[in-house]
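Working notes for the structure below.
The values are calculated or read from the model by the stated rules, or taken from the named source; none is laboratory data. Not measured: the values here are computed from a predicted model. No Cβ is skipped: glycine too gets one built from the backbone with ideal geometry, and neighbour counts run over all protein chains shown.
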Amino acid sequence: MPELDDELMQQFQKGDENAFTLLVRRHQQPLVNFIAKFTGDRDNAEDLAQETFIRMYKAADRYKPGRAQFKTWMYFIAKNLCKNDLRNRSRRDKFRVDNVTSNNNDNGDNEEDIDLIATAPADTALQPEIAIERKELHHTIQNAIAELPEQYRYPLILRDIQGLSYDEIGKILELRSGTTKSRINRARIMLKNKLKPYMETI
Amino acid sequence: MNCLQIEENFSSHLEDTLDYQSLQIFNEHLDNCEACQKEYELFRESVSELHQLPQEQPSPDFLSTLQQQLIQEQPVRLSFWQRLNTQFITPKWTLSGGLVMLLVITGIFLYQFNIENKDNTQFDSLTQTEKMVDDKTSSVFVEGSRQRINTPTLRNSITPSGIGSSIFSNTVSGKPMQRRYVLKQVSYSTPITGGGL
C-alpha cells in the first residue's frame, strides 16, 4: 500500500477510486478540525470539509504531484471555502434582529454552565470543577481565536492547532517566509492579550 | 533590544530558532525586565493551551455521505442521440431555430418578390418602348437629315446609331438598364411630310 499522498493521488488520476478514499480517510479529521476551529461552527465544518473533498475530486486531473503537496492543496481549497462561508454568513447576520442576542444573554450563562457539565470529558468526571474549568478555558480560547482578524487567524490555526510548518503555511496563504513568521508571532501576541484577563485569574 | 523587539522574538525563542547572539541578548533582557518576563510567560501558556485544544472529530458517516455526493457529481455517460437531445432539443434552441427559419423563409420570399417586380418593370418599359417605336418609326435619328422628331416619352430612351439600324438603350426611372438591341428598318423613300406623323 502506498504511503505518500502524492502516490495515492497519482493512482487516483489513473482511475483508482480507492486511492482517493484512502486520502479522505487520512485527512478528514484534520480538515474538519481546521474548519471548525476557523469558523467556530462544528456542524457547518463537516459540510465545508465535504465540499473541499468534492472540489479536489473534480480537479484531480489538474493536480501536479511535484508542485504542491496534497495537504497544502487541501488547506488552500478549505481556506477559500471558509472565507466565502464567513463572508456569506456576515451578510446574513446583518439582517438579524439585534435584540435576539440580548434576550439570549439573560439566560445564557446558566445554560452554558449546564452544557459545560454535560459535555465534560469522562476522565475528569471525578473532578467536575477542573473539568468545567478546562472546558471554559477552551471555550474562551475558541472565542478569542474567532475574534482575531482573518489574516492572523489562518496562520495561527494552521501552525498551533494543525501543526503545519512555516513553509507549508506560506504556500497555503501565499505569503513569504518572513511575513508568515511575523504574522504567527503577532497572532500569538494578540491571543495572549485577549486571554490575559482570564489567565491571570487562574 | 528594547521590549518591543523582545516581543517580536517571542515565537523564535519559543521554537528555539534564535541564533546564539540573539538568544543571549533575549535572555539577558528577560532577566532584567519583569514586564517582559510576565508577558513571555503568558505568551508561552497561551500557545501551550492552544496546542491542547480538543480536536474536532468528523461524524462516522462522513465518508459514506461524501461518497454519495461524489456519485451524484459524476457525469452520466450519454449516447450521441441523448447528448443531441439534451443539448439541442431544448425550448431555447427550438425557439431560436424557429426564428432563424422564419427569417430565412421571409428573406427568400422578399428576394423572389423583388426580382419578379424588377423584371416586370423592365419588361413593361421595354414593351412600351418597342411598341412606340413600332408605331412611330420616324422617332429616330435619320442619317442624312440629322433631324430628330421626338415624342415626349422617347426623348431620353431612344439613342439610335449606325446606318439602317437603331440601337435603343432603355432606362427606367433614371437607372441604367440592361441594353436591348432592336433592329428596325428605316424607310428613306417616303419623305416626311408635314401634317403630323
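Any idea which residue in segment B:30-54 is farthest from the other protein chains (Cβ to nearest Cβ), counting only those that are assigned to a loop (DSSP other than H, G, I, E, B) and exposed (fewer than 14 other Cβ atoms within 10 Å of the Cβ)? Before you say what the answer is, go through the steps one by one.
From segment B:30-54, those assigned to a loop (DSSP other than H, G, I, E, B) are B:33, B:52-54; that's our starting set.
Checking the rest, the ones that are also exposed (fewer than 14 other Cβ atoms within 10 Å of the Cβ) come to B:52, B:54.
Working: B:Gln52: 8, B:Pro54: 6 Å.
Step by step, filter segment B:30-54, then rank; the result is B:Gln52.
So, A:Gln69, is that one within 11 Å of chain B (Cβ to nearest Cβ) and modelled with pLDDT of 55 or more or not? No; evaluated as a whole, the condition is false for this residue.
Being without any contact (Cβ under 8 Å) to a residue 60 or more places away in the chain and facing chain B (nearest Cβ under 9 Å) is the filter here, so list the residues in segment A:17-33 that pass it. Give the steps one after another, and end with the answer.
Here is the first cut: in segment A:17-33, the residues without any contact (Cβ under 8 Å) to a residue 60 or more places away in the chain are A:17-29, A:31-32.
If the condition is that a residue be without any contact (Cβ under 8 Å) to a residue 60 or more places away in the chain and facing chain B (nearest Cβ under 9 Å), then A:Glu17, A:Phe20, A:Thr21, A:Val24, A:Arg25, A:Gln28, A:Gln29, A:Leu31, A:Val32 are the ones that fit.
Name the residue that is surrounded by the most Cβ atoms within 10 Å (Cβ to Cβ), counting only residues in segment A:145-185 that are facing chain B (nearest Cβ under 9 Å) and more than 23 Å from B:Pro54 (Cα to Cα). Of everything passing the filter in segment A:145-185, A:Lys181 is surrounded by the most Cβ atoms within 10 Å (Cβ to Cβ). Inspect all residues belonging to segment B:61-78 and state whether any of them is within 11 Å of another protein chain (Cβ to nearest Cβ), under 30 Å from A:Ala49 (Cα atoms), modelled with pLDDT under 80 and not in a helix (DSSP H, G or I). Checked segment B:61-78: at least one residue is within 11 Å of another protein chain (Cβ to nearest Cβ), under 30 Å from A:Ala49 (Cα atoms), modelled with pLDDT under 80 and not in a helix (DSSP H, G or I). Given the criteria assigned to a helix (DSSP H, G or I) and under 21 Å from A:Leu164 (Cβ atoms), does A:Ala19 qualify? No, not satisfied. Taking the conditions exactly as written (facing chain B (nearest Cβ under 8 Å) and in contact with an Asp or Glu (Cβ under 9 Å, 6 or more places away or on another chain)), does A:Ala36 satisfy them or not? When the stated conditions are applied, A:Ala36 passes them.
So for segment A:6-16 (the condition being out of contact with any Cys (no Cβ under 6 Å at 6 or more places or on another chain), on the phi < 0 side of the Ramachandran plot and within 10 Å of chain B (Cβ to nearest Cβ)), does at least one residue qualify?
no
Look at segment A:49-60: where a residue is over 16 Å from A:Gln13 (Cβ atoms) and a partner is small (Gly, Ala, Ser) and not in a loop (DSSP other than H, G, I, E, B), sitting 6+ places away or on another chain with Cβ atoms under 9 Å, you get A:Ala49/A:Ala36; A:Ala49/A:Ala78; A:Glu51/A:Ala78; A:Thr52/A:Ala78.
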